[in-house]
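Contents: one structure, followed by commentary.
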Amino acid sequence: MSTKKFLLEEKEIPTAWYNIAADMKQKPLPVLHPGTKQPMTAEDWYPLFAKELVAQEMNVTDPWIEIPDEVRDLYKIWRPTPLVRAFGLEKALDTPAHIYFKNESVSPVGSHKLNSALAQAYFCKKEGITNITTETGAGQWGAALAYAAKAFGLELAVYMVKISYEQKPYRRSIMQTYGAVVIASPSMSTKAGRKILTDNPNYQGSLGTAISEAIELAMQTPNCKYTLGSVLNHVMLHQTVIGLEAEKQMAMADEYPDIVIGCFGGGSNFSGIAFPFLRHKLTAGREIRLIAAEPASCPKLTRGQFQYDFGDEAGYTPLLPMFTLGHSFAPAHIHAGGLRYHGAGSIVSQLRKDNLIEAVDVNQLDTFEAAMLFSRVEGIIPAPESAHAIAVAIQEAEQAKKEGRPKTILFNLSGHGLIDMTAYEQYIAGDLSNYTLTDNELAGTLQGLEQII
């Protein structure tokens, strides 16, 4: 009988995160201070983040950064996660491709986000911080940080994008169950939120807006730091436990992926599965394709501009060198709320600029079609975000069939969709729309970027 799941023991949980910046020949451009437009120093970062997180953010020399025992012990609650051979999907597609997925949906909060949430909460607690703030789109990051904050005795305030606050009430309830305060963004509780609502009273929010509010609250609250679920280097670092485990599990299967795929919002999920395999390309010249799957309604890697831009709408954050649609971009109200972000992290952006990774955009209906098939043949209902990776994996498997040659495909199932059933209900009823960014909309949102620097 063929093996379906490849499982590691707890002792095989990685003991160090992989820092890809150390192996990049072309390092990411420096992050700039929003006021002076000069490269950020550690002291510039300290008002926002815990000092050890700042050290990780700025580290471009050490390929391995030790995982603290306190974090690794909590990882044991659900890690190592299974690597699964998708025999059902292979059969349904009648493809010669071998398809594997790393199942991050088995975490207590149902997604990969807890890998970094626990690390960030730990480093804040270690520094003596008592309060933290964050933003969340679909709610997966907010739920993860709510659990992590409770684990380390921190108070948490979460600004949740308003459209997701309304679309996903159970994610909101999960955060509140763990003890977090959840505010729909934009809100009247911050200067940034009040300005946005004054200019556009019916605005349904974006991750950029929620980030502005969370940063503002952190800066005004004593003994409080801001935490982020994606985009920044230290977040990508923490997520590499996914790919490091997958390396060992692919070896157990006696295979190596030709293609690695992850859905893409700001980069945490894609980086987590892809960076450990990209290491082999950077250090040993191994041939492998790494594909970021993003929504057609928010296609920063496929259609955005490489440019310095703010990470938030109000312009509070440092300036990041990124592929961006412009920090004022208002994404369509797709159900993959975790992918509705205007820019890409600086490391991923540099890798894309250097053609070391690929990007594909997928429309909403195609992602749900892929999700429905996956659910019926593999038994797991995926999060709308993860469905983007599934859709691209299906495209690659179908291409393998056309070419008549086998390929080994690995994708990250970043989370389950059991709290996203209203989206599936709308798809089944035929009420979901496709959203594709038009050329005119793209030109409009990119206007003014050249004036930032």
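FYI, it's all coordinate maths here, none of it is from the lab. This structure is a prediction, so every number in the text was calculated from the model and none was measured. In this analysis, Cβ positions are derived from the backbone assuming ideal geometry, glycine residues included, and neighbour counts consider all displayed protein chains.
Worth pointing out:
- Near Ala42: Cβ cut-off under 14 Å, other residues only, Lys/Arg at +1 and Asp/Glu at -1. The net charge is -4.
- Amide hydrogen neighbours beyond the local backbone of Ala86, cut-off 5 Å, H modeled: Ile99, Tyr100, Phe101
- Placing unit charges on each Cβ (+1 for Lys and Arg, -1 for Asp and Glu) gives the chain a dipole about its Cα centre, and among Leu8, Ile291, Gly137 the Cα reaching farthest toward its positive end belongs to Leu8.
- A full extension of the chain between Thr36 and Ser173 corresponds to an added length of 45.2 nm, given 0.36 nm per residue minus the alpha carbon distance.
- Around the amide H of Thr408, modelled in the peptide plane, lie the amide H atoms of His98, Asp258, Ile259, all under 5 Å away and 5 or more residues distant in sequence or on another chain.
- For the range 148-270, alpha-carbon Rg and Dmax in angstrom: 18.0, 59
- Simple label model, 7 Å out from Cα along Cβ direction - Lys353 to Trp64, nm: 3.0
- The length gained on full extension between Asn223 and Glu441, counted as 0.36 nm times the residue separation minus their Cα-Cα distance, comes to 74.3 nm.
- 3J(HN,Hα) along the range 354-361: 8, 6, 8, 10, 10, 9, 9, 9 Hz, from the Karplus curve 6.51 cos²θ - 1.76 cosθ + 1.60 with θ = phi - 60°, whole Hz, x for Gly and Pro.
- For Tyr308, the residues whose amide H sits under 5 Å from its own are Met322, ignoring neighbours fewer than 5 places away on the same chain, with H placed 1.01 Å from N.
- Net length available on complete extension from Lys76 to Lys5 is 23.7 nm, with 0.36 nm assigned per residue and the Cα-Cα distance removed.
- Size of electric dipole in the chain: Cβ of Lys, Arg +1 and of Asp, Glu -1, about Cα centre, debye, nearest 20: 300
- Dipole of the chain computed with +1 at Lys/Arg Cβ and -1 at Asp/Glu Cβ about the Cα centre; of His416, Ala371, Leu74, farthest Cα towards the positive end is Leu74.
- CD proxy at 222 nm, helix term only [per DSSP H run n ≥ 4: -39500 (n - 2.57); per residue of the chain; nearest 500]: -12000 deg cm²/dmol
- Working from label points 7 Å from Cα in the Cα-to-Cβ sense, the Glu369 to Lys126 distance is 4.8 nm.
- Highest mean first, the peptides 31-44, 78-91, 286-299 sorted by other C-beta atoms within 10 Å per residue fall in the order 286-299, 78-91, 31-44.
- Across the range 318-330, rounded Karplus estimates of 3J(HN,Hα) from the backbone phi angles (6.51 cos²θ - 1.76 cosθ + 1.60, θ = phi - 60°) give x, 8, 9, x, 8, 6, 9, 9, x, 5, 8, 4, 9 Hz, Gly and Pro being marked x.
- Modelled spin-label separation between Lys402 and Ala284, with each label point placed 7 Å from Cα along the Cα-to-Cβ direction: 3.2 nm.
- Cα gyration tensor, the range 141-205 - rounded (a/c under 1.5), prolate or oblate: oblate
- Mean-position separation - Cα centroids, the range 109-182 and the range 374-416, in angstrom: 29
- Of Lys27/Lys353; Lys51/Lys300; Lys113/Lys401, pairs whose Cα-Cα distance is over 23 Å: Lys51/Lys300; Lys113/Lys401
- Tensor-based shape of the range 64-181 (alpha-carbon gyration tensor, a/c under 1.5 rounded, otherwise prolate or oblate): oblate
- Karplus-derived HN-Hα couplings along the range 100-113 (A = 6.51, B = -1.76, C = 1.60, θ = phi - 60°), whole Hz, x at Gly and Pro: 10, 9, 8, 9, 7, 6, 7, 5, x, 9, x, 8, 6, 4
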